[in-house]
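Written out below as structure tokens is the structure these notes cover.
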Amino acid sequence: EAIHYLARQGRRRIAYLGQAHSITRLAGYYRALAELGISPLLIEVDDRDDEQFSAARDAARRFAELSPRPDAVQAYSDVMALGFIAGLHDLGISVPGEVAVIGFDDRRMAEVSWPLLTTVAQPSREVGVLAGKILLKKIAQEMRPPEGWTQTLPTRLVVRESA
């Protein structure tokens, strides 16, 4: 949804900021780009949670050296997106003027950042409720459903100022 939104905004060079092994989110990025006929570009960031902000801020320098430079970035998380935006600010690169940035998670900080962060919201409460139900079924030793225990819940794009 985020990649298609960026494309509708006229963005054609859309990079992914994150880890090469973030399989689910990266797969969605690749699938959307394939649907749009756009080439992928991965800007890799160290995946240690306590360093995500700083690592993404450092990644802005590598981003600035790319030629041609992407005009949009989908980040693995809001923390990475905000670190990346901070790095872009350090370099004088305008968000969303020169590059649109979208995060993932819809953390509270996305509502108070500058610019306000466009992000993909996860249904965190519903995930917790569903996980609890599955755990109770497993504790009760219920049979595994034919489709397995894994379930997918829908996300939604929250459009703010960064994209």
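General remarks:
- Within the stretch 36-93, considering residues that are of a type in the set (Phe, Trp, Tyr) and in contact (Cβ under 8 Å) with a residue 60 or more places away in the chain, the one farthest from Ser162 (Cα to Cα): Tyr76
- Sole exception among (1) at pLDDT 95 or above; (2) of a type in the set (A, V, I, L, M, F, W, C); (3) touching a strand residue (DSSP E or B) at 6+ places or on another chain (Cβ under 8 Å); (4) in a helix (DSSP H, G or I) for Leu26, by number: (1)
- For first residues located in the stretch 98-117 and hydroxyl-bearing (Ser, Thr, Tyr), partners that are surrounded by 15 or more Cβ atoms within 10 Å (Cβ to Cβ) and lie 6+ apart or on another chain with Cβ distances below 6 Å form the pairs Ser113/Leu82.
- Residue count, the stretch 1-23 (criterion: modelled with pLDDT of 95 or more and either within 16 Å of Gln52 (Cβ to Cβ) or outside any helix (DSSP H, G or I) (or both)): 9
- Given (1) outside any helix (DSSP H, G or I); (2) out of contact with any Pro (no Cβ under 6 Å at 6 or more places or on another chain); (3) open to solvent by 30 Å² or more (accessible area, probe 1.4 Å), number of the condition Glu161 does not satisfy: (2)
- Where strands (runs of 3 or more DSSP E) fall wholly inside the stretch 40-153, the ranges with 3 or more residues that are surrounded by 14 or more Cβ atoms within 10 Å (Cβ to Cβ) and among the hydrophobic types (A, V, I, L, M, F, W, C) are 72-75, 100-105.
The values are calculated or read from the model by the stated rules, or taken from the named source; none is laboratory data. In this text, all values refer to a predicted model and were calculated from it rather than measured experimentally. All Cβ positions, even for glycine, are placed from backbone atoms using ideal geometry, and neighbour counts span all protein chains on display. To get the accessible areas, we keep the full protein, side chains included, count just its heavy atoms, and leave off ligands, DNA and RNA. Shrake-Rupley method; radii C 1.70, N 1.55, O 1.52, S 1.80 Å.
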